[in-house]
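The values are calculated or read from the model by the stated rules, or taken from the named source; none is laboratory data. Just so it is clear, the structure is predicted and the values come from calculations on it, not from any experiment. Note: ideal-geometry Cβ built from the backbone for every residue, glycine included; neighbour counts use all protein chains shown.
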Ligand SMILES: Nc1ncnc2c1ncn2[C@@H]1O[C@H](COP(=O)(O)OP(=O)(O)O)[C@@H](O)[C@H]1O
Ligand SMILES: [Mg+2]
């Protein structure tokens, strides 16, 4: 039974791995870090990659293994983008690095998070600091975007890239928390948390905790409702209508659905994109559609002054165009006697409902696909 203090710790902290072996997914990085620990020496490090992939966790676990009981005295964790500026950071580093520990001969460790938020001048100042204290300390710089770090700093560090975590790895850890916390969460709900987290373990753990606070039992519906994201059912309906209904009806029905469900345009575009990449559409048609979606996604989030309704109609129009183009390609393929199956089946979900109407009038006999040379007739409704 968890005690009171235990209950107050957010799960991202409570379930942060303490040892390198517990860290999942980042195999080559972890292997290298283990080598450094075995040799009792760290180079200056630069960890980069998206949030929630284990950068802070890895360096903290590494420091624990390297320094053992001396870990708190030997490690300094700072945020490089401290509002008080590089001078404060420099003073803290100076005070920490100048004193040697009598109990340990190892160099101290200074962890500097969010280095990419530092302006260039501050990064140049940091380069000098790294040089000055190299004899007593090792630095681990952490950032999301390595391209924002000046080359002079990059070249002084061993760079390690953290990638979004494998869905299976996130799933495994989430299920461990579900068991440890004895919460009611079915496998499907857990999978939806994993899908929505996009390889970010922090996001996955925070989602699990928020849904748990709001609902007694964690279900797929509870996950989508808590996050305010379109439910797969809503996405399915949106796609079916916008792909298959006549243009005006499609725009009207989908707009009403969007308003009633309070769906955000960016979530809709991302939802459509995730399904389109899995659809078995003719490649040229798919490429055009994905390009349109990228443009609409950009406009929906970054486009200055872009009208939401305009972008929304563009989304439905892109799907309508996809249908027309698919039909054309299907007709040509049939005429040319090419029996490539022109279906648009969701490969992952094995779900062909979406395309019930998509290829009406342009279906190829799938049973005979590739087995016969004879021309196929296009089937009518
Ligand atoms: N590779 C991983 N293996 C296990 N847990 C992870 C991993 N990456 C992140 N986490 C979990 O996600 C949370 C955030 O991880 P953190 O290391 O702070 O991410 P960041 O890359 O943003 O520094 C922590 O609770 C940690 O337990
Ligand atoms: Mg971090």
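Residue-wise test of (1) part of a loop (DSSP other than H, G, I, E, B); (2) surrounded by 16 or more Cβ atoms within 10 Å (Cβ to Cβ); (3) within 16 Å of ligand 2 (Cβ to nearest atom).
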site	(1), (2), (3)
130	no, yes, no
163	yes, no, yes
168	no, no, no
171	no, yes, no
176	no, no, no
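Within region 178-204, restricting attention to residues that are within 10 Å of the chain's Cα centre (by Cα) and part of a loop (DSSP other than H, G, I, E, B), which residue is farthest from residue 52 (Cα to Cα)?
Checking each candidate, the answer is 198.
Please state which one of 252, 267 is closer than 23 Å to residue 195 by Cα and in the same structural domain as residue 323 (by TED's automatic domain parsing).
After ruling out the rest, the residue left standing is 267.
Filter region 52-93 down to residues that are assigned to a helix (DSSP H, G or I) and free of Cβ contacts under 8 Å to residues at least 12 places away in the same chain and give me whichever is surrounded by the most Cβ atoms within 10 Å (Cβ to Cβ).
Top of the filtered list is 71.
Go through region 36-51 and give me each residue that's out of contact with any strand residue (DSSP E or B) (no Cβ under 6 Å at 6 or more places or on another chain) and more than 8 Å from ligand 1 (Cβ to nearest atom).
36, 37, 38, 39, 40, 41
Look at residue 86 and say whether it is more than 16 Å from ligand 1 (Cβ to nearest atom), in contact with a helix residue (DSSP H, G or I) (Cβ under 7 Å, 6 or more places away or on another chain) and within 16 Å of residue 126 (Cβ to Cβ).
Considered against the rule, which asks whether it is more than 16 Å from ligand 1 (Cβ to nearest atom), in contact with a helix residue (DSSP H, G or I) (Cβ under 7 Å, 6 or more places away or on another chain) and within 16 Å of residue 126 (Cβ to Cβ), residue 86 comes out as yes.
Regarding region 25-35, can at least one residue be identified that is near ligand 1 (Cβ under 8 Å from one of its atoms) and either part of a loop (DSSP other than H, G, I, E, B) or not assigned by TED's automatic domain parsing to the domain that holds residue 197 (or both)?
Within region 25-35, one or more residues are near ligand 1 (Cβ under 8 Å from one of its atoms) and either part of a loop (DSSP other than H, G, I, E, B) or not assigned by TED's automatic domain parsing to the domain that holds residue 197 (or both).
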